[in-house]
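Asker: Below you'll find the structure I mean.
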Amino acid sequence: MTGDELALLEGVFATNYVAPAGPMLGRFEAAMAEVTGFRHCLAVVSGTAALHLALRHLGIGPGDSVVAADLTFIGGVAPIAQLGAEPLFVDADPGTWCMDPSLLAEALASGARQGRLPKAVVPCDLYGQTCDLDALRAVTDAYEIPLIADSAEALGATYRGRHAGKGARAALFSFNGNKIITAGGGGMLASDDATLIEHARGLSQQARQPVPHYEHIELGYNYRLSNVLAAIGVGQLAALDDRVRRRRAIFAGYQQRLGDLEGITFMPEAGYGRANRWLTCILIEPMKFGADREVVRLALEAQAIEARPIWRPMHLQPVFAGATCFGGAVGEALFGQGLCLPSGSGLGEVDLDRICEVIRGCARL
Ligand SMILES: *Cc1c(COP(=O)(O)O)cnc(C)c1O
């Protein structure tokens, strides 16, 4: 927290809007529209819920298929399966770690040949680096398939001068506790399509018809964000630029301290944008470095320093055993060697020194 959230929370208590309704929600949505460049925003309980609503709006259900990133977090995929549709996974491009446009073209051509095109495509902006949205859109536009950007990790990142997600039919953002800014949980669905957002808004409030008695012509969800959390979100959003600067400085600090080590490389930054460097991720080549990813992770853990492997690809997840995946070797290799280093905005120079000393100690002497 920056400290400014507290004054906003006091305002919430003063007005007694301690509910999933109230003026902070509108303020948070307007501020997010301003930051992202999307015309319309809807604040909900999580990024996962935002994706669920977008897919529901597109009418996705049993019998449908939806393309998703193979290398991502489950929240960007689970709603596809929960709606009864089949997820089809597409591997990452080694230059960006995000969905490979040529493999997406293969996936859609394969669907066209079978007369069963996916109903949507959901790429991910991985670790705060945007996917190559224009290249992916060129593929989806040829088949008129809507693209929903999972920008949960990419708030504050840009792609060709636009905010992450902008240019997709809709984008989702997350304010979960581990993200670059947080409302203590929460998500946002953003789109230039007013109809999409208004339908999602209705669905997020139990699909109540606008009549005094309670009437429902379809089933919705209780997904609206609390006005209390929206106040925290408003306060946090004001600090976004600072946080991106800080995360990028942390990335640079690791590079400075570890860049000379043989066998260690950093997640590349694509030439088309500016990543928010939500997490600093490295690859460890055991033959060159002299230790593998797990040895380094456990050495850090022994010093009470938490580091995690990068996301395990979806096609390797037991819950998706047997699922179709186009490619898959890139994500598998990244998972085998990839480590997310401590990256919290509060990390100081002394912390960086201490972490890097442990990593350096694992290297071949
Ligand atoms: C965090 C995250 C989500 C889900 O967001 P929640 O707010 O935690 O539901 C979805 N996709 C990716 C890639 C994420 O990192």
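Asker: For the structure I just gave you, tell me whether THR48 is out of contact with any strand residue (DSSP E or B) (no Cβ under 6 Å at 6 or more places or on another chain), of a type in the set (Ser, Thr, Tyr) and in contact (Cβ under 8 Å) with a residue 40 or more places away in the chain. Can you show your working first?
Answerer: Numbers: out of contact with any strand residue (DSSP E or B) (no Cβ under 6 Å at 6 or more places or on another chain): yes; of a type in the set (Ser, Thr, Tyr): yes; in contact (Cβ under 8 Å) with a residue 40 or more places away in the chain: yes.
Judged against the criteria, THR48 is a match.
Asker: If you check ILE284 against the conditions, is it away from the ligand (no atom under 16 Å from the Cβ) and under 26 Å from THR130 (Cα atoms)? Write out each step before concluding.
Answerer: Numbers: away from the ligand (no atom under 16 Å from the Cβ): yes; under 26 Å from THR130 (Cα atoms): yes.
Yes; evaluated as a whole, the condition is true for this residue.
Asker: May I pose another question? Among the numbered criteria (1) surrounded by fewer than 24 Cβ atoms within 10 Å (Cβ to Cβ); (2) touching a strand residue (DSSP E or B) at 6+ places or on another chain (Cβ under 9 Å); (3) farther than 30 Å from GLN236 by Cβ, which single criterion is violated by ARG169?
Answerer: Among (1) surrounded by fewer than 24 Cβ atoms within 10 Å (Cβ to Cβ); (2) touching a strand residue (DSSP E or B) at 6+ places or on another chain (Cβ under 9 Å); (3) farther than 30 Å from GLN236 by Cβ, the lone unmet condition for ARG169 is (3).
Asker: If only one of ILE197, ILE250 is buried (at least 17 other Cβ atoms within 10 Å of the Cβ), assigned by TED's automatic domain parsing to the domain that holds ALA307 and within 22 Å of the chain's Cα centre (by Cα), which one is it?
Answerer: ILE250
Asker: Residue by residue through the range 1-26, note down the ones that are out of contact with any Gly (no Cβ under 7 Å at 6 or more places or on another chain) and not in a helix (DSSP H, G or I).
Answerer: MET1, GLY3, ASN16, TYR17, VAL18, ALA19, PRO20, ALA21, GLY22
Asker: Tell me whether the range 325-341 contains one or more residues that are over 28 Å from LEU133 (Cβ atoms) and surrounded by fewer than 22 Cβ atoms within 10 Å (Cβ to Cβ). Before you say what the answer is, go through the steps one by one.
Answerer: Here is the first cut: in the range 325-341, the ones over 28 Å from LEU133 (Cβ atoms) are none.
Among the residues of the range 325-341, not one is over 28 Å from LEU133 (Cβ atoms) and surrounded by fewer than 22 Cβ atoms within 10 Å (Cβ to Cβ), which makes the answer no.
Asker: Where in the range 72-176 are the helices (runs of 4 or more DSSP H), entirely inside, with at least 1 residues that are among the charged types (D, E, K, R) and either away from the ligand (no atom under 16 Å from the Cβ) or in contact (Cβ under 8 Å) with a residue 60 or more places away in the chain (or both)? Outline the logic, then answer.
Answerer: On the way: elements: 78-82, 101-113, 133-142.
Qualifying helices (runs of 4 or more DSSP H): 101-113, 133-142.
Asker: Then there's this: Of all residues in the range 52-71 being closer than 25 Å to PRO94 by Cβ and in a loop (DSSP other than H, G, I, E, B), which is nearest to the ligand (Cβ to nearest atom)?
Answerer: LEU71
Asker: Since GLY186 meets every condition but one in (1) under 30 Å from SER343 (Cα atoms); (2) more than 14 Å from the chain's Cα centre (by Cα); (3) within 16 Å of the ligand (Cβ to nearest atom), which condition does it not meet?
Answerer: All conditions pass for GLY186, except number (2).
Asker: Going by what's in this entry, would ALA43 be described as under 29 Å from LEU334 (Cβ atoms) and either in the same structural domain as GLY331 (by TED's automatic domain parsing) or within 12 Å of the ligand (Cβ to nearest atom) (or both)?
Answerer: No, not satisfied.
Asker: Of all the residues that make up the range 177-190, how many are among the polar types (S, T, N, Q) and touching a residue at least 24 places away in the same chain (Cβ under 8 Å)?
Answerer: 1
Asker: So, one more: Could you identify the single residue in ALA33, ALA49 that is surrounded by fewer than 19 Cβ atoms within 10 Å (Cβ to Cβ), assigned to a helix (DSSP H, G or I) and assigned by TED's automatic domain parsing to the domain that holds ALA109?
Answerer: ALA33
Asker: Sticking with this structure for a sec: On the given criteria, is ALA363 touching a residue at least 60 places away in the same chain (Cβ under 8 Å) and among the small types (Gly, Ala, Ser)?
Answerer: Yes, satisfied.
Asker: Just one of the numbered conditions (1) under 17 Å from SER343 (Cα atoms); (2) surrounded by fewer than 22 Cβ atoms within 10 Å (Cβ to Cβ) is not true of LEU219; which one?
Answerer: The one condition LEU219 does not meet is (1).
The values are calculated or read from the model by the stated rules, or taken from the named source; none is laboratory data. Since we're looking at a predicted model, the values are computed, not measured. Here the Cβ is made from the backbone with ideal geometry for all residues, glycine too, and neighbour counts use every protein chain on show.
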